[in-house]
Structure formats: structure tokens, C-alpha cells
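Single-structure report; data block below.
The values are calculated or read from the model by the stated rules, or taken from the named source; none is laboratory data. This is a predicted model, so every value here is computed, not measured. Heads up, the Cβs are rebuilt from the backbone with ideal geometry, glycines too, and the neighbour counts pull from every protein chain shown.
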Amino acid sequence: MTAMSFLVYVVDDENVAREGITLALRKHYQIESFPTAEDAIQAILNQPPDMVLLDIGLPGMSGIEALQKIKEMYPEIIVVMITAYEDVETVVAAMKYGAHDYVVKPLQMNALLVTVRNALETIKLRKEIQLLQEKVLKENLPGFIGESDAIQDVMEVVFKVARSADTSVLIVGETGTGKELIAKAIHYRSPNFEGPMISVNCAAIPKDLIESELFGYEKGAFSGADKAGKAGLVEKASEGTLFLDEVGDLSKEAQAKLLRFLEEGEYYRVGGTKKRMAQTRIVAATNKDLPDMIEEGLFRQDLFHRLAVIKIEIPSLNRRRADIIPIAKHYLLEFADKFGKTFTGITPEAEAALKTIEWTGNVRELKNLIEKAVLLGDGPELLPSDLGADVICDDGDATVPARGASGLSTLDPDGIDFPAEMEAIEKHYFQQALRLADENESQAAKLLGLSRDTFRYRRKKLAV
């Protein structure tokens, strides 16, 4: 990025000052000048500059008011204030509202040029980091597919928390909802995205080894230990992110050490007495109910609060059914490319079949089903028959789920509990209608031939 590509607005009501600044800077930057803040703000709305040199003592809207307005509209614009005297209180207020720096009249043009150059270097560095981060995101992070309001709300929180480099995050959700993918989204959008992203499944490590895996050990710490000792995952993830999946499986001893690290940023290797420090962000995840575990004495309440500074709950796929088809299409194209198949879409009948499934395994289950369907199918469109016998009825009607355990019972010679059977049947069709309607109650009521009020009353009674 060349200096001439930077656009700088000069805002000063004094003609001599405005023209002098313009003359000094126009050899190096694109310059536009304005006598009032109102004129400058109108121009910013049409074409935001990289930087604004803003006089504090302006007629009409003051420089401080203009600074607040500019930062409200475009926080990334660098604003350098110009003041006729070193009014400490005014300068402090300007810095509080987001001014990058200030210069004092009468202006020394060489010093002004240095101030502007240094400020714009910040922009150049910021844009270089942004380009690098976009490259890293593209190479490391597959998209989190979702059009539903539920998942959009989740991603809004993810983008906000990612601005921090060290705030702890707890991700909760059922198995297969994409907790690790959310952790990656946080890491690769954070300021420490160039640092390592290390994932560990706490449930997969024996409880007597989890401490040494997390915090390392010194030589001779225990039988079979490496003679040179070993760095732990907290140390290896320094300046990056450590993702602790299934954090509810940590032993009480490991919980205590993790709490100390979260509170103080310090830890000890197993068998060691030397205090160590690491700048490592902890993102944890679980499909367990940690508050219940706290009640049972299995998980530390203080650790829970330290982990859940920000808590992100990922809704199950059954709670965001509008995402089923977009996710299925994403994986259809992914696996078609992987297996060299010609699949280009999904038939309406197959889409209807996918909507009837109770996704107990969430996105992971859907991904596996599409992988199998693409591998065994011929294309170019995914058919109900490609999805397997567990998804469609024997008559091939893809809009009706396979009956299995939800089918009608035969009449026992000793009789049946008829009210219970009727309630089960009613509940079954209410669930199916809601799935086909993507949880839209009005549409589901139409599918069952009911009014919306009757549908809502019966749904509440059935606890569907």
C-alpha cells in the first residue's frame, strides 16, 4: 500500500491552517479539506477516509462532537486532533472518545508529517494483518453452515468474543453439533490467530495422565516419564488457543490446576517446583450438564465460572431444522468432489425425507449420511433411495418416515391402554408436522388440518 493511496480529510475553520496542512501533505497523500465538521461528516458518509485531521475548536459542531460522530459511524478511521493550545482536559476527552493522537498549533509541518505517517502506518499494519488473517481463515476454517436465526445468533456472539485474545469461553451442546468448529472460528478470528490451535479430548486421556498432558512434567516425575521431561499442552499452545473438549471429564486434581492457571496464568509441571507462565487462551466444551455435576460434587463451581466467562450454547440440529438442507447440500458437493461423483443437487422428495429424520447425532450424523449416500449413489441428483431404508418407507414415499418403534401397536388379547396409544400417535404426527414445517406452527397446523390456536393448545398439552 503506497502513501498516495491513503485518503486524509483536513477539518479546520481557519483558511490559512487548512491550506498550510493541505500543501504540506498533498505530496504524500490524497487530501480533501473542509471548513466545518458538518461538511466533513457528509463527505465521510459518501467516502470514508483513512484518517481525519480534526480541529477541536470548530464553529457549529465542535471537534469533540465530530470525533464522537465519526467513531460511531466508522470506528476504524484514525482521527488526530488539532488544538490551538495544550488544553489537557480537552485532549484527555478526545483520547477517551477514540482520538489516535493530537497536534498543537502553531503547527510544525515536519512534526505533523511524522505524526500522520506514524498514524497511517497503524492502518497499513492493520490491513496487512487483516489480509493475513483472511488467508489463514481460508486455509484452516471450513464454513459453519447455517441460515437459521438460532445459528446466526451463535455466530454473532462468536465474532464478538473473537476480538479478545484471552477471554475464556465455554461451548455447550449435544454431541455432533460442531463445538470444535466454533472453537476454531474463535481462534482464527482472534488477535492470536497466528499462534497454535491445539485440541485435546479430555475424555480420551486416562485420568492419571491428564495433568501431565496439560501441564507437562519434569524428568523423573514418575515411572516411565521421559528422561528430559516434557512440555504440556498449555505450554505448547502459548500465544494461541487450547481447546479442551469434554472438559467435564477432568479429574478434580486437574480441575484445581486448571483453575489456578486461569486465575493467575501460572502453573507447575508435574514433579516440578518452578513456577511457569503462559499466555494461552482456554476454550472448553462439553455435552454434559456442568451445573448438575457441580450439585453432585463432580465439578468445581469456581472453575465453571472461570471457564464460562462467555458461554456459547450451540442448538441441536433438531432445533434449527431450517439448516438441514443447506448443510446437506454443502456436504453433497464436498463429497461429490472427494469421490469424483456428478451430484449437483437433492430432489424435493429426498429433501422431504431428510426433514423427517430425528437427528440424534446432529450435524455429524447428517454429514455421515450424505457421505454414504454420495458414495453409493449415481447422481446427478440425490434420491430418496440413496438415503437408505432407515429413512424411507417400504413403499418409497419419502414424505413419510419409516415407522419402526413409532408405528401402531397390534391389539393385545388382554387389551391396550387406548388413551396412551392415542396420545402417542397424536404426538408422533405433531412432531412430524413441525419438522416438515421447519417449526412454523401455522404451517404445521395446516398440515394437520387444524386451526393455529387448536394446534398450539394441543402442542402444549402434548409437550411437543
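Worth a mention:
- Strands (runs of 3 or more DSSP E) enclosed by the range 1-115 - at least 3 residues per element that are at negative phi, more than 34 Å from the chain's Cα centre (by Cα) and surrounded by 17 or more Cβ atoms within 10 Å (Cβ to Cβ): 7-11, 30-34, 51-55, 78-83
- Scope the range 238-265; condition within 12 Å of Met277 (Cα to Cα) and either assigned to a loop (DSSP other than H, G, I, E, B) or touching a helix residue (DSSP H, G or I) at 6+ places or on another chain (Cβ under 8 Å) (or both); matching residues: Ser238, Glu239, Phe261, Leu262, Glu263, Gly265
- Subset tally (residues that are in contact (Cβ under 8 Å) with a residue 24 or more places away in the chain and more than 18 Å from Val200 (Cβ to Cβ)) for the range 257-273: 4
- Contact map, the range 33-57: residues that are over 15 Å from Arg18 (Cβ atoms) and in the same structural domain as Ile21 (by TED's automatic domain parsing) paired with residues that are surrounded by fewer than 17 Cβ atoms within 10 Å (Cβ to Cβ) and hydroxyl-bearing (Ser, Thr, Tyr), Cβ distance under 8 Å, separation 6+ or inter-chain. Pairs shown: Ile44/Tyr74; Pro48/Tyr74.
- Residues that are over 20 Å from Gly173 (Cβ atoms) and surrounded by 15 or more Cβ atoms within 10 Å (Cβ to Cβ) within the range 276-305 comprise Arg276, Ala278, Thr280, Arg300, listed in sequence order.
- Flag for Ser251 being modelled with pLDDT of 90 or more, among the hydroxyl-bearing types (Ser, Thr, Tyr) and in contact with an Asp or Glu (Cβ under 8 Å, 6 or more places away or on another chain): no
- Any hit, the range 267-275, residues being surrounded by 19 or more Cβ atoms within 10 Å (Cβ to Cβ) and at pLDDT 90 or above: no
- Extreme residue, farthest from the chain's Cα centre (by Cα), among residues of the range 171-217 that are in a strand (DSSP E or B) and either among the basic types (Lys, Arg) or over 18 Å from Gln279 (Cα atoms) (or both): Tyr217
- Whichever residue in the range 322-363 is polar (S, T, N, Q) and outside any loop (DSSP other than H, G, I, E, B) and, among such residues, is nearest to the chain's Cα centre (by Cα): Asn362
- Positions within the range 84-121 being β-branched (Val, Ile, Thr), over 27 Å from Asn46 (Cβ atoms) and at pLDDT 85 or above, in sequence order: Val104, Val114
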